[in-house]
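> My structure is below; once you've seen it, I'll send some questions.
Throughout, read-outs are computed from the coordinates displayed, never taken from laboratory work. Everything numeric here is computed off the predicted structure, so don't read it as measured data. Note that each Cβ is placed from the backbone with ideal geometry, even for glycine, and that neighbours are counted across all protein chains shown.
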Amino acid sequence: MTYVVTDNCRGCRYTECVTVCPVECFHLDDSMTYIDPENCIDCGGCAPACPVGAIEPDYRLAADKKFWIDVNRRRAAETPVISARLVPLPGADERRLALGR
Amino acid sequence: MPYGLVRFGVAPDHPKLKQVTAAFDRIAAMPGFRFIGGVTVGDDVTVDELREAYDAVVLATGAELSRPLGIPGEALPGSHSAGDFVAWYNGHPDFADLSFNLDHEAAIIIGHGNVALDVARILAKTADELRQTDIARHALEVLAASRIREISIVGRGGPVQAKFSAKELRDFLELKSCDTLVNDRDVTPKDFEPQHPADPELVEKLSLLRGFSQQTATRPRRCVFRFGFSPFAIHGRDRVETLSVTHRSGAVEDIAGGLVFGSVGRRTAPVTGVPYDTHRGVHANANGRVTNGHCMIEGLYACGWSKRGPNGTIGTNRGCGIATAEAVLADLAHRRARPDTPDALLARVVGRVTRVVSYPDWMVIDTAEKSRGALLGKPREKFVTIPDMLAAVGA
């Protein structure tokens, strides 16, 4: 298994996940973070740390979100590792409230 | 040796979690890093000596002590703390000599946390399910001869209150020779309804438990979750025979079992010279700065379980470590000059201990353990005594 970042991260990118990942398996592009499934050790530290509930274990994803497993794998291979927290994207707090978080 | 709970706490059948050691090894290879093992802080070297030689001393001592159940009969043979059992099967040198008599059909685990599930799962697995893990050889031998058929996992709360994680609970779906059940007399269907339907972790946990409550037993071993029971006494003539519990409905019941494992929490072992927070069971600290009453002790910090108590995963502790590191850096500007140096202190400490163990020493031990394991088809066969570890480095 692995943990997977899903659509709630888009436009927020809080990166709280990055501070708790013990193995630096988070990658990043302009819109969101991705988990490298090869390096994730399934510790589960990131899922409760995400302010918008964007991270879930792969087996728990709803059928219409399963495609994020492939997206994470592919984008993690194409993007750089992020090892320290960044400032969230502009409008992140508004988006978090809109998501009911 | 390095790795702490990853080596001595994480269950042998959770190898993926142990891969975090690669991150520790990367840190160990950084310039300015020095591992000094084989030294007991508070005994071989005082905390004040360390503070005189270093700008900051960070305690990362974990939660080594098991909380006692505090009920009569706890001292009977057959009554153990779950933490001791975990340290034993993981080959901790201080626990490798313990003996666990598994010559009984029933075992009882008290507590509904992840450690309780680890103990239940290790007892529920067959030798074949454990043989290719890094479990200590002495433990595998005892477990292979186990007569245990029924494992009761008893907790005070209902399914909603259980502290174990859904991920740990899912492991029970994979057991080859054991059925997992919930005793349906203890619960009502309402007990499986999440109060927070938006919490995926809780929803999954309750759905797994509901599934277990509808299971019928066909396999040789059974794990049975018991909800809503407070234990009040352990009975037995010469050793543990029953556990007396009160259900939240008021009903009293005796659960038969030759073994009882208490798994009701852990606390940090006090370190000589460091103020202790008895209430929280950690080094007295305010957000990682060790305190004495209302005063901060200059240059002394805590992180991880010895700062916050035993909760959260490996990753949670990294976040916690970063927060403490930020406190260290913020205080550095105001730190008084040190009267001593690390090298001078180390030179004195070397004379006080049997052998200072360096990181390269550890890597020799690590390689030796891996070769021993390879002969047996295991990732490693741990050395379980300190003399054996030292012999491996030629000391």
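> What distance in nm separates the two pseudo spin-label positions at residue B:55 and residue B:94, each 7 Å out from Cα along the beta-carbon direction?
Once both label points are built, they end up 3.2 nm from each other.
> In deg cm²/dmol and to the nearest 500, what is the mean residue ellipticity at 222 nm of chain B if only DSSP H runs of at least 4 residues count, each as -39500 (n - 2.57), divided by the residue total? The partial results should precede the final answer.
On the way: 15 runs with 131 residues, N = 395.
Rounded to the nearest 500, it is -9000 deg cm²/dmol.
> Separate question: For B:362, B:88, what ranking results if the residue with the fewest other Cβ atoms within 10 Å of its Cβ goes first?
Numbers: B:362 19, B:88 23.
Arranged by neighbour count, lowest to highest, B:362, B:88 become B:362, B:88.
> Could you tell me how far the Cα centroid of the range B:288-359 sits from the Cα centroid of the range B:177-229, in Å?
Answer, in whole Å: 42.
> Let me ask something else. Shielding of B:317-323 by partners, i.e. mean partner chain Cβ atoms within 10 Å per residue?
Working: counts 4, 9, 11, 2, 3, 5, 1.
That works out to 5 on average.
> Taking the Cβ of each residue in B:1, B:296, A:32 as the centre, tally the other Cβ atoms inside 10 Å and list the residues starting with the fewest. Mind showing how you got there, number by number?
On the way: B:1 19, B:296 16, A:32 23.
Sorted ascending by nearby Cβ count, the order is B:296, B:1, A:32.
> Still on this model: Using a 7 Å offset from the Cα along the Cα-to-Cβ direction at both residue B:247 and residue A:101, what is the distance between the two label points in nm, to one decimal?
4.2 nm
> Then there's this: Quick check on packing: order B:191-204, B:48-61 by the mean number of other C-beta atoms within 10 Å, highest mean leading.
Values: B:191-204: 14.9, B:48-61: 18.6.
In decreasing order of mean packing, B:191-204, B:48-61 become B:48-61, B:191-204.
> Fewest first, what order do B:95, B:172 take by the number of other Cβ atoms within 10 Å? Before the final figure, lay out each step's value.
On the way: B:95 18, B:172 21.
With the sparsest Cβ surroundings first, the list reads B:95, B:172.
> Follow-up. Name the helices (complete DSSP H segments) of chain B with a Cα length along the long axis of 24 Å or more and a Kyte-Doolittle mean of at least -1.0, or state none.
On the way: long enough: B:314-332 (27 Å, 0.68); B:359-376 (26 Å, -0.16).
Helices meeting the span and hydropathy rule in chain B are B:314-332, B:359-376.
> Mind checking the full-extension length gain between residue B:341 and residue B:256? Use 0.36 nm per residue of separation minus the Cα-Cα distance, one decimal, nm. Write down the numbers at each step before the final one.
Working: separation 85, 0.36 × 85 = 30.60 nm, distance 5.92 nm.
Residue separation times 0.36 nm, minus the Cα-Cα distance, leaves 24.7 nm.
> Now for a separate question. Take the cross-link list B:167/B:190; B:125/B:378; B:18/B:382; A:65/B:190; B:16/B:125; B:307/B:382 and give me the ones stretching past 20 Å between alpha-carbons.
Details: B:167/B:190 23 Å; B:125/B:378 16 Å; B:18/B:382 14 Å; A:65/B:190 29 Å; B:16/B:125 18 Å; B:307/B:382 29 Å.
Too far apart for the 20 Å limit: B:167/B:190; A:65/B:190; B:307/B:382.
> For the peptides A:16-23, B:377-384, A:84-91, B:216-223, what is the packing order when you average, over each peptide's residues, the other Cβ atoms within 10 Å and list the highest mean first? Provide the component values of the computation, followed by the final result.
On the way: A:16-23: 23.8, B:377-384: 19.0, A:84-91: 12.5, B:216-223: 14.2.
Descending mean neighbour count gives A:16-23, B:377-384, B:216-223, A:84-91.
> Using only the Cα atoms of chain B, each taken as one equal point scatterer with no solvent, compute I(q) by the Debye sum, divide by I(0), and report log10 of the ratio at q = 0.11 Å⁻¹.
Values returned for q = 0.11 Å⁻¹ are -0.89.
> Give the peptides B:154-165, B:234-245 in descending order of average Cβ contacts within 10 Å, highest first.
Working: B:154-165: 19.6, B:234-245: 18.0.
The peptides rank, most packed first, as B:154-165, B:234-245.
> Could you tell me the calculated FRET efficiency between residue B:210 and residue A:87, based on Cβ-Cβ distance and R0 = 30 angstrom, to the nearest 0.05?
The calculated FRET efficiency here is 0.10.
> With the cut-off at 17 Å, report for the range A:6-101 the share of all Cα pairs above it, as a whole percent.
Details: 2084 of 4560 pairs.
Percentage above 17 Å: 46.
> Also, quick follow-up: Could you let me know the centre-to-centre spacing of the range B:77-125 and the range B:1-27, using Cα atoms, in angstrom?
20 Å
> Now, a different point. Suppose each label sits 7 Å from its Cα in the direction of the beta carbon; what would the residue B:195-residue A:73 distance come out to in nanometres?
4.0 nm
> A further question on this structure: Would you tell me the mean number of C-beta atoms belonging to other protein chains that fall within 10 Å of each C-beta in B:17-26, as a whole number?
Working: counts 5, 1, 7, 4, 2, 4, 7, 1, 0, 2.
Rounded to a whole number, the mean comes out at 3.
> Using every pair of alpha-carbon atoms in the protein assembly as shown, split the distances into 20 Å bins beginning at 0 and state the percent of pairs per bin, rounded to integers.
Here the calculated profile for the protein assembly as shown is 20, 53, 26, 1.
> A follow-up question, please. Can you pull the mean other chain C-beta count within 10 Å for peptide A:17-26?
On the way: counts 2, 3, 8, 11, 5, 15, 9, 3, 1, 0.
The per-residue average across the peptide is 6.
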